[in-house]
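**Q** Have a look at the structure that comes next, please.
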Amino acid sequence: MVETTTLKEVYPPSGHVQRLYCDVCEGHLDLAFADYRNIVSGVDISIKGLPVLRCENCSKDYLPDHSRFAIIRHHELATLRGSNAVRVTRKPLEKTFPLTKVPFLYDADDYYYIPGLSREWDDGFLTPVFFNEKGSAQIRLGSRVQGVLRVHHIRHDRHGKCLHLLWH
């Protein structure tokens, strides 16, 4: 059975700040891609591969704000067309951030869907970067910046390759 919700319930709650921790068990949320299907204020919306924040501890999914806005936009377009259904397969973002000449591995979806990273200035600056699990990486900074790169989380990319997600 398809769940039913109102458009008002899809909007981010007023004053709510999205976090990287589960509201139920305080576990860490990972970016995942799920098939979404709900009847939203009379429009049957189905999106394959919608980004969600998933708690592996209690199997709860949360909608990132950008995913909420995508659902709202699809509802708006369906209403304008006079349609009562939307079927979409989401494609990964192909956006690049030309901040450096170093060919870092990154995924623009991380930047836009992990809470606290995207901002209106310095687009892409806080994007997490990946390094292959095997081997090591040496980074030479072009300034006297001091900092430590730590493995924050290990995840697999869309092709099943294990990558280290590093934050500084």
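The values are calculated or read from the model by the stated rules, or taken from the named source; none is laboratory data. None of the values given here were measured: they were computed from a predicted structure. Please note: Cβ atoms are built from the backbone with ideal geometry, for glycine as well, and neighbour counts cover all protein chains shown. Each accessible area value is taken on the protein alone, full model and side chains, heavy atoms only, with ligands, DNA and RNA left out. Shrake-Rupley method; radii C 1.70, N 1.55, O 1.52, S 1.80 Å.
**Q** Hey, with R₀ at 41 Å, roughly what FRET efficiency would Ser83 and Lys60 work out to, going by the Cβ-Cβ distance, to 0.05?
**A** The pair Ser83/Lys60 has a calculated efficiency of 0.85.
**Q** Turning to a different aspect of this structure: Out of region 1-40, which GluC sites (Glu not before Pro) are coil in DSSP terms and have no more than 12 other C-beta atoms within 10 Å?
**A** Details: sites: Glu3, Glu9, Glu26; in loops: Glu26.
Answer in residue order: Glu26.
**Q** Here is a further query. Rounded to the nearest percent, how much of the accessible area of region 1-121 (1.4 Å probe, protein heavy atoms only) is carbon and sulfur?
**A** Values: 4090 of 7590 Å².
The value for region 1-121 is 54 percent carbon and sulfur by accessible area.
**Q** Once R0 is set to 30 Å, what does the formula 1/(1 + (r/R0)^6) return for the Cβ-Cβ distance between Glu26 and Thr4, expressed as a FRET efficiency to the nearest 0.05? Don't jump to the answer; show the numbers that get you there.
**A** Values: r = 30 Å, r/R0 = 0.99.
Efficiency, rounded to the nearest 0.05: 0.50.
**Q** Also: Can you grab the distance from the C-alpha centre of region 92-124 to the C-alpha centre of region 1-21, Å, no decimals?
**A** 25 Å
**Q** Sticking with this structure for a sec: Once the whole set of protein chains is in place, how much accessible area is left on Phe125, using a 1.4 Å probe, in Å² to the nearest 10?
**A** 110 Å²
**Q** Additional query: Taking the simple approach of a point 7 Å from Cα along Cα-to-Cβ for both Leu93 and Ala34, what is their distance in nm?
**A** 2.0 nm
**Q** Cross-link list Lys60/Lys101; Lys8/Lys48; Lys60/Lys95: which exceed 32 angstrom alpha carbon to alpha carbon?
**A** Listed pairs above 32 Å: Lys60/Lys101.
**Q** Once the whole set of protein chains is in place, how much accessible area is left on Val17, using a 1.4 Å probe, in Å² to the nearest 10?
**A** Its heavy atoms expose roughly 110 Å² to the probe.
**Q** Turning to a different aspect of this structure: Would you mind getting me the FRET efficiency between Trp121 and Tyr11? Use the beta-carbon distance for r and R0 = 25 Å, nearest 0.05. Spell out each step's value before the answer.
**A** On the way: r = 25 Å, r/R0 = 1.00.
Plugging the Cβ-Cβ distance into 1/(1 + (r/R0)^6) gives 0.50.
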